[in-house]
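K.L.:
Take a look at the following structure, please.
Values in this text are rule-based calculations from the coordinates and carry no lab data. These numbers come from a predicted model, not from an experiment. Note that we place each Cβ from the backbone using ideal geometry, even for glycine, and neighbour counts take in every protein chain shown.
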Amino acid sequence: MRVVALCSGGKDSSYALWLAMRSGHEVVEVLAMVPEREDSWMYHTANIWLIDAFGECAGLPVRKFAVRGGQEAEQIALRRALSKSGAEGVVSGVIASRYQLTAIESACALLGMKPVTPLWGRNPSGLMREIVREGFDTIITLVAAEGLGPEWLGRRIDMGCVEDLERVSEKYGINVSGEGGEYETLVLDAPFFRRRIEILEARKIWRESEGRGILEVKRAKTSEKPGSTPDRR
C-alpha cells in the first residue's frame, strides 16, 4: 500500500515508518506537521526544522505543513495535509494516546485512507528496548516532567537510559516512552538511513519556573555512515 508517514524525526514516528517499510508498504513521502505553538496537543515541536535532514538521510521526500491554532485547528490541518498526499494509507507512531489515535482515524475515515499504527498498544518499556536493539541512535531533545532535569537533555537513549526512565516512571509516574509529552527525541541514525545526522552546535535551555527544557540544535549536517560507500555529491 502507498502510504504517507507522519513523522517528526523523533523515535516513535521513525520506528513506525521503518516497521511500515518492513511490512512492504511503499512510503511515498514524509509529512511533517509544523505547529506554531509549543504546547501542541498532537505534534512534536523540538528541532522540527531538522526534518529536512531526516528526509535526506532516509532518502524520502519531505512535505511540511504549518499548523496554527489549538486542538480543532490541529485536526483540520491534519485532514488538509493528508488530502494532498495522494496516498492510500497513513503511518503514525502513536502508542497510547487515544486523542491522537482518534484524530488520525477520523481523518482517514473522511478521506478514504487506512491508518497504519504499528506501535499502538505496545508496552512502553518493551518498545523502548526494541528500538535500542534495532540500532536507532536517538537523543533526548526536550523534557517536561517531574524527575527529568536538564541533565537529560542531549542524553542518548541506550539500555541504561531506558532503565533510568523506568526508575523515574516508578517514582513519578511518567510514561517510559514519553507518550504523554514527558520528553521528545531526535533520531540521528536508523537502520533505513543512507546517511546520519551530525549535530555541530547546540545549547541547553532550561526554564526553571516551568520545570522544562530543550536542547536547541543550532547547526547540524548529514554525514556518511561508518562503513558506507563515500558520497560523491
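K.L.:
Could you run the Karplus curve 6.51 cos²θ - 1.76 cosθ + 1.60 with θ = phi - 60° over the stretch 148-156 and give me ³J(HN,Hα) per residue in whole Hz, x for Gly and Pro?
P.N.:
Karplus-based 3J(HN,Hα) across the stretch 148-156 equals 10, x, x, 5, 7, 5, x, 6, 6 Hz.
K.L.:
What distance in nm separates the two pseudo spin-label positions at Arg133 and Ser83, each 7 Å out from Cα along the beta-carbon direction?
P.N.:
Those two pseudo-labels are separated by 4.3 nm.
K.L.:
As an exercise, take the mean of 1/r over every pair of distinct alpha carbons in the stretch 2-116, invert it, and state the Kirkwood radius in angstroms.
P.N.:
Final number for the Kirkwood radius of the stretch 2-116 is 13.9 Å.
K.L.:
Normalise the Debye intensity by I(0) for the stretch 125-223, one equal point scatterer per Cα, no solvent, then take log10 at q = 0.24 Å⁻¹ and round to two decimals.
P.N.:
Evaluating at q = 0.24 Å⁻¹ gives log10 I(q)/I(0) of -1.31.
K.L.:
Just add up the charged neighbours of Gly160: K/R +1, D/E -1, any other residue whose Cβ is under 15 Å from the Cβ of Gly160.
P.N.:
-1
K.L.:
Provide the net charge surrounding Lys114, with neighbours chosen by a C-beta distance below 11 Å and charges set as Lys +1, Arg +1, Asp -1, Glu -1.
P.N.:
Charge balance in the 11 Å sphere: -1.
K.L.:
Continuing with this model, one more query. Given the -39500 (n - 2.57) contribution per DSSP H run of 4+ residues, what per-residue ellipticity at 222 nm results for the chain, rounded to the nearest 500 deg cm²/dmol?
P.N.:
Calculated from helices alone, the mean residue ellipticity at 222 nm is -9500 deg cm²/dmol.
K.L.:
Okay, moving on. For the pair Arg203/Ala66, report the inter-label distance in nm, with labels modelled 7 Å from Cα in the Cβ direction.
P.N.:
Spacing of the two 7 Å Cα→Cβ label points: 2.6 nm.
K.L.:
Of all alpha-carbon pairs in the chain, indicate the percentage at a distance above 30 angstrom.
P.N.:
Counting every Cα pair in the chain, those more than 30 Å apart make up 20 percent.
K.L.:
Restricting to Cα atoms and excluding each atom paired with itself, what does the Kirkwood estimate give for the stretch 51-164 in Å?
P.N.:
One over the average 1/r among Cα pairs gives 16.6 Å for the stretch 51-164.
K.L.:
Another question, if that's okay. Ranked highest first by the average count of other Cβ atoms within 10 Å around their residues, in what order do 181-192, 20-31, 162-173 fall?
P.N.:
The peptides rank, most packed first, as 181-192, 20-31, 162-173.
K.L.:
Let me ask something additional. Once phi is turned into θ = phi - 60°, what whole-Hz ³J(HN,Hα) does the Karplus curve with 6.51, -1.76 and 1.60 give for every residue of the stretch 133-142, x standing for Gly and Pro?
P.N.:
So the J values, rounded to whole Hz, are 4, 6, x, 7, 9, 10, 10, 8, 10, 8.
K.L.:
Obtain the nm distance between the two label points defined at Met1 and Ile76 by a simple spin-label model: each point lies 7 Å from its Cα along the Cα-to-C-beta direction.
P.N.:
For Met1 paired with Ile76, the spin-label model returns 2.8 nm.
K.L.:
State which entries of Lys84/Lys204; Lys11/Lys114; Lys114/Lys225; Lys64/Lys218; Lys64/Lys114; Lys171/Lys218 exceed 27 angstrom in Cα-Cα distance in the structure shown.
P.N.:
Those over the limit are Lys84/Lys204; Lys114/Lys225; Lys171/Lys218.
K.L.:
Still on this structure: Mind listing the phi-derived Karplus ³J(HN,Hα) values for the stretch 203-220, rounded to whole Hz, using 6.51, -1.76 and 1.60 with θ = phi - 60°, and x for any glycine or proline?
P.N.:
Whole-Hz 3J(HN,Hα) from phi for the stretch 203-220: 9, 8, 10, 10, 9, 4, 5, 9, x, 9, x, 9, 8, 8, 7, 8, 9, 7.
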